[in-house]
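Values quoted throughout were computed directly from the atomic coordinates according to the rules given, and no laboratory measurement underlies them. Keep in mind the model is a prediction, meaning the values are calculated, not measured. Positions of Cβ are generated from backbone atoms using ideal geometry, with glycine treated the same way; all protein chains shown enter the neighbour counts.
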Amino acid sequence: MEKTNASTFLRKYTMIIALILVVIFFSITTEGKILFPQNINNLISQNAYVFVLATGMLLCILTGGNIDLSVGSVVCFAGAVGAMMMDKKVNVVAAVLAMLVIGILIGMWQGFWIAYVKVPPFIATLAGMYAFRGLSNAVLQGMTVSIKSEAFIKVFGGGADCYVPDLFGGEGFNMTCMIAGCIAVAVLIAVQLKNRINNKSRGYETAPLGSTIAKLAVISAVILWISYKLSSHKGIPTALIWILLVLLVYGYLTTKTRIGRYLYAVGGNEKATRLSGINTKKVYFIAYVNMGFLAALAGILTIARLTSSQPTYGQGYEMDAIGACFIGGASAYGGVGSVAGVVVGATLMGVINQGMSIMGMDANYQKVVKGLVLLIAVAFDVLSKREKK
Amino acid sequence: MNKAMEIFRKHTMKIVLVLIVIFFSVMTEGQMFAASSFQALIAQNAYVFVLATGMLMCMLTGGNIDLSVGSFVCFVGAIGGHMMVRGGMSVPVAMLLMVGAGVIYGVVEGFLIAYINIPPWIATLAGYLAFRGWGTALLNGATIAPMPEGFIKMFNGSIPDVFGGAALNITCLLVGVIACVLFVVLQLKGRNDKVKKGYEAETMTSVIVRCVLVSVVILLFAWKLAQAGGIPNNLVWVAVIVLIYNFITSKTTIGRYFYTIGGNVEATRLSGIDTKRIFFLAYLNMAVLTVISGWMTMARLSAATPTAGTNYEMDAISACVVGGVSAYGGSGTVFGMVIGATLIGVINLGMSLMGIDANWQKVVKGVVLLAAVVFEIMNNKEKTKD
Amino acid sequence: MKPAGGFSRLLILEREVGSRYKKCWEEYTLAKVLLEMKNITKTFPGVKALDNVNLKVEEGEIHALVGENGAGKSTLMNVLSGIYPYGTYEGDIVYNGEVCKFGKIKDSEEKGIVIIHQELALIPYMTIGENMFLGNERGKSAAIDWNETYGEADKYLKMVGLSESSKVLVKDIGTGKQQLVEIAKAMAKHAKLLILDEPTSSLNEKDSQALLDLMLKFKKEGMTSIIISHKLNEVAYVADKITVIRDGSTIETMDKHTTEISEDRIIQGMVGRELTDRFPKRHNVKIGDVNMEVKNWTVHHPLYPERKVCDNVSIKVRKGEVVGISGLMGAGRTELAMSIFGQSYGTNISGQLYLDGKEVHLKTIKQAIKNKLAYVTEDRKGNGLVLTNPIKINTTLANLDSISPRMIIDKDKEYQVAEEYRGKLKTKCPTVEQNVGNLSGGNQQKVLLAKWMFTDPDVLILDEPTRGIDVGAKYEIYCIINDLVAAGKSVVMISSELPEVLGMSDRIYVMNEGKIAGELSAEEASQEKIMSIIVTSGKGA
């Protein structure tokens, strides 16, 4: 069945190992600065959009290596429309809803061409990339629109005060955050134990106790460590709440629901899925509608964080999202990938971004590095699989 | 009625082109037909023809594209600018080195795609990012200008009039006439040969119609260009490249292999053809052609800037798709691409003449690309049994 | 397990027993008609696929549909299962007494009509359990209940005789077992009428037998089945009634229990003419020297380098000879052929290859072709032909250089070559400009053959040359093979159809599990001998 333990272990956890190595690398080159509470905090809030976009991109990639090149432009466009609306004193809630609806509509538009007319995704979304960039410019008329709604900024994680307030009034240390971390760990352990007991009682296979405990220990340690770091800064960034929400919802969706199954199935063998009575066109369509929706959400988070909307926002976002997915183990041919992988991939990209910024590297060379990292991640994936569809 | 539909389907893009030209002529109150417009059409779009030729070769192999061309143009400009302007290097040497850079990039890219099996759009997406960054970094975010006269003249200049015409460049007119004659002769000879050998040949009428239409277009161009100063050098570059690649794709064995790979790569491999080598060549070729279009850009701007080449991949892919190149590979011709590139060039020019905002131009470009692909797919759906 | 030979003996026995039983049964009951398809007509642009087809299936019977390729069998079943929805055909489907109007696959499945397609509809990277309930998930609302899924899956797997856990990935079990998973999947949908389209097409003899026996077992439990199959011996073994369809019309229905059915009778119905000889005779068989020899040939799997797919294989092929290679699926025959053919498959290849007495090292396919070797692939549509290209381009593809002086293609010569082979092989097509994708299976195979004949090989390896081709076209291809060897060439024919191997070969090698298990001459070979060689040579037999 499985080959030697060492090689399978290595292959399964390659990206996590890579993540650890990269963190160590940057700790050294930034003299530990990268692990400062403030920077951990920045890592999360500055890369919230990557987690959100990559989750949506994952769903598209699962269906067969299909991507969406327009997300950056959609982020900008949705943000632009929302900002303009709020500038014109439109109700914040209405503006937020409008942005999400726009995302959904764009997703439906692109999804229609891709799923029902069979336009190759990269062309359809390439067209979208240009069209929506142009529209963003047109909407903003080339100018920056600043956002003044306190409520909006607070809820979506922007400005200076974007943290979950400390209910325990700790000085210099956010107790709520620490406690939240502890609760998270407790819940995780409880759920894992419950599953294990359940499975054992029904006679199903369970993983060896040793590895389960090891995995739990490591994950708990990481959670506690992050909570500690965040608590030492200002607590839970609001952006984190949104990230977690998206990850949990889509984590559930991809592993436990029918539609999640269908996304994997379509990427695994489209014909077989169709012959099983599943409407594969609808599956592709849903993947792209969802992407539009999440792009709009990312747009909301972006303009909140930067408290403004500019025509240049979102550039390169598609790169980050695609990179996070592939680094996280998604297959370029579809059918393989997970939300957990996206987390690792997005974190890795975020650490690289962060690390390079702290090191003071020229923004242009950062682009070069990003390109190379993407290439290496995919090359690795392809070489280790060496299987074609 | 059926005959009309058939004709429409066969020559859709050409008909669309004519309609669009008419549309813009009306909207710009005839400015579209000014001599300067014809010149601008060529000057502003020469790079598209060159890039799209390379993109065509890539797409034939299976709908594969190269997203890095625009960024690589910027990079080429940056190193070219440093060599020729800052470094004072001689133009021919610098050009040689730039070709060298293209070859190196093409080899690396081709290797990664053909031999390591990295999906092309990912490999070139990495290039899209990396070269933009590298190019901008080399330029320190600034512009290097002006480019040496000799270099610029190679592209922006025009062929001098051997006959010393005053208002009209007679050489240009003459060349136009000769081109027409050649075309008609070749068409007639081709048909004659077919008839002699017993193949199906088109009716004499359709050959005549085609000769007349093409001649009109050639002469129109020749006349307008003659008024505007003669044959632009850019046009010579484009014509040579187009003719060479048309020959390669339609008459050589290697050109044939590009098509069959796009049709069925395994079947081609098992027929004894080195398919990896073809993929490799497609991307190597793309890189070298990108260098040439980089030169054209540098000449036109007379500078190397960090924003050079923006959206170029879009233009090239659109030109191919609009020109009937299949997004899945295996079909498409150089002349089809020429029509497609011309169409897009006309749309660009028309919009500029009409004074449409650059942002809305972007939107229109996106919509046109989408429409072209949809149309091509719909067209093919009818042809194949589902 | 019944011996896999002498099916005609079985037939007579079954008929006697069956007719006695049926007479008794019929005295007491009138068999209930479960399904009746009345006057079904279906047209595609330009072609009438089904023309007033009638089919009556009684409850609890196994009904076989036989016919040539393109006769309309699969089309008829696609109409029944809802793949071609109501409105796209004329006529009525009457199931259980009511007229049905299926709009999609799920509609027919709700009534208990489940179709299992020829190409397995399974996702390789998913588990058996996930595959089994794809489209039919367990669990209320949107969430899937995985415990229920795997529990149920195991239950159905047992029903079809599989001992694997439902958590195993589909890609890790063999084709035979995958087919059984498909049946389990149908069972999970509570099928009452099971339709199997060429269920044993990719199975070896042992797995085919297991599947047929499973069908009989289900029949005893009250299941009604329709089986579409080319394999007349299997049809005769398992079916109660056989309906022959030709060119979209029902020709006749034969009842096993009342009339004598022989393979020849069925073939006659299918083809519309008497076929006295299925295999053309060869005259003046002149076998010469050894043309190709392979010694100690060992090939390892490309993804699992420790696995040997060919193990110390040694074979000889002579001029003017047809050498058959028979064996079960997965025996390594295709792998052997492809690895010899310019190492186009496999890693870590060792051994010696001699062509015309000289040792050669063929590292690329091009070298193989240069050395007068040709390989006609198993899957003509998948990796043999470029379907979107015309006949003439496909014909010249493997030897384009010969008509291209200085890399420029001589289009006239190309046309001539294509025409020449069209005539030689009697390919039915309007012109050689026709796209290969529009031809029938038999004619596509001819184009594929033409391509390789154009490379002027000395040794041709044909891999399943008549798979999926109707009886008439098969005969034509056998004639072509005979012509090739009459001209002094050698043909190595890999085939899973024992009658074909026996009917055409001068010598037969039997391969099993990567090794040559035996060699038989045409005189001494028989189906039983071949099977017994396979059975006794396997691991732990």
Three semi-axes of the equivalent ellipsoid, the stretch C:283-359, Cα gyration tensor, whole Å, largest first: 25, 14, 9
Rounded tilt (10° steps) of C:471-486 against the dominant C-alpha axis of chain C: 20 degrees
Integer Hz, Karplus 6.51/-1.76/1.60 couplings in order for the stretch B:350-363, x for Gly and Pro: x, 5, 5, 4, 6, x, 6, 3, 4, 5, 5, 4, 4, 4
Spin-label zone in the stretch C:378-401 - amide nitrogen under 16 Å from a point set 7 Å from the Cα of residue B:277 along the C-beta vector: C:398-401
Alpha-carbon Rg with Dmax, taken over the stretch A:226-346, Å: 16.9, 55
Chain A: most fluctuating residue of A:163, A:252, A:228 per GNM, C-alpha cutoff 10 Å: A:252
Rg followed by Dmax, in Å, when chain B is reduced to its Cα trace: 21.3, 66
Sorted by Cβ neighbour density within 10 Å, fewest at the top, the residues A:196, A:305: A:196, A:305
Principal axis dimensions, largest first and in whole angstrom, of chain A by Cα: 61, 61, 42
Listed peptides A:93-105, B:76-88, A:276-288 by packing density, highest first (mean Cβ within 10 Å): A:276-288, B:76-88, A:93-105
Ordering of C:79-88, C:439-448, B:140-149, B:55-64 by packing [mean C-beta count within 10 Å, highest first]: B:55-64, C:439-448, C:79-88, B:140-149
Rel. contact order, % - alpha carbon contacts under 8 angstrom, at least six apart, the stretch A:251-335: 35 percent
Rg(Cα)/(2.2 N^0.38 Å) for the stretch A:163-236, N = residue count: 1.41
Relative compactness, the stretch C:379-456, computed as alpha-carbon Rg over 2.2 N^0.38 Å: 0.99
Cα extents of the protein assembly as shown along the three principal axes, largest first (Å): 96, 93, 64
Span-rule helices in chain A, defined as complete DSSP H runs reaching 20 Å or more along the axis (Cα) with Kyte mean at least 0.5: A:14-29, A:37-62, A:71-87, A:92-111, A:121-140, A:175-202, A:209-233, A:238-256, A:280-306, A:339-358, A:363-385
Burial ranking of peptide ranges C:395-402, B:256-263, C:154-161 (average Cβ count within 10 Å, highest at the top): B:256-263, C:395-402, C:154-161
Amide proton proximity set for residue C:64, modelled H, under 5 Å, gap of 5+: C:227, C:240, C:241, C:242, C:243
Residue C:158/residue C:51 FRET efficiency (R0 51 Å; Cβ-Cβ; nearest 0.05): 0.70
Inverse mean reciprocal Cα-Cα distance (Kirkwood Rh) of chain C, Å: 25.3 Å
log10 of Debye I(q)/I(0), alpha-carbon scatterers only, for the stretch A:198-285 at 0.21, 0.22 Å⁻¹: -1.02, -1.04
Rg followed by Dmax, in Å, when the stretch B:86-177 is reduced to its Cα trace: 20.2, 59
Shielding of B:196-207 by partner chains, average beta-carbon count, 10 Å: 1
Cα-Cα separations in the stretch C:55-209 greater than 22 Å, expressed as whole percent: 45 percent
Test item: A:367-379 mean partner chain Cβ contacts at 10 Å: 6
Order of B:173, B:129, A:294 - criterion: other Cβ atoms within 10 Å of each residue's Cβ, fewest first: B:173, B:129, A:294
Relative contact order, percent, chain A [alpha-carbon distance under 8 Å, six or more residues apart]: 35 percent
Bins of 10 Å from zero: percent of alpha-carbon pairs in the stretch B:159-231: 21, 37, 22, 15, 5, 0
Sequence-distant residues sharing a close amide H with residue A:236 (under 5 Å, placed H): A:164, A:177
Rule-of-thumb Rg ratio for the stretch B:157-287 [Cα; 2.2 N^0.38 Å; N residues]: 1.42
Long-range tail of P(r) for the stretch B:16-152 (Cα pairs > 28 Å, %): 36 percent
Principal-axis tilt of helix C:411-425 within chain C, Cα atoms, nearest 10 degrees: 60 degrees
Sum of -39500 (n - 2.57) over DSSP H runs of 4+, divided by residues of chain B (222 nm, nearest 500): -25000 deg cm²/dmol
Relative contact order computed over chain B (Cα-Cα under 8 Å; 6+ residues apart), in percent: 34 percent
Whole-percent pair-distance distribution, where bins are 10 Å wide, for the alpha carbons of the stretch C:168-306: 9, 28, 26, 19, 15, 3, 0
Per-residue average of Cβ from other chains inside 10 Å of A:348-358: 0
Candidates A:365, A:130, A:250: whichever shows maximal mean-square fluctuation once chain A is modelled as a Gaussian network with Cα springs under 10 Å: A:365
Cα-derived Rg to Rh of the stretch B:189-261, Kirkwood definition: 1.10
Largest-first ellipsoid semi-axes for the stretch C:47-107, taking √(5λ) over the Cα gyration tensor eigenvalues, angstrom: 18, 17, 11
Rg/Rh (Cα only; Kirkwood hydrodynamic radius) as it applies to the stretch C:7-271: 0.97
Mean projected area (nm²) of the alpha-carbon convex hull when the stretch C:237-384 is viewed from all directions: 13.2 nm²
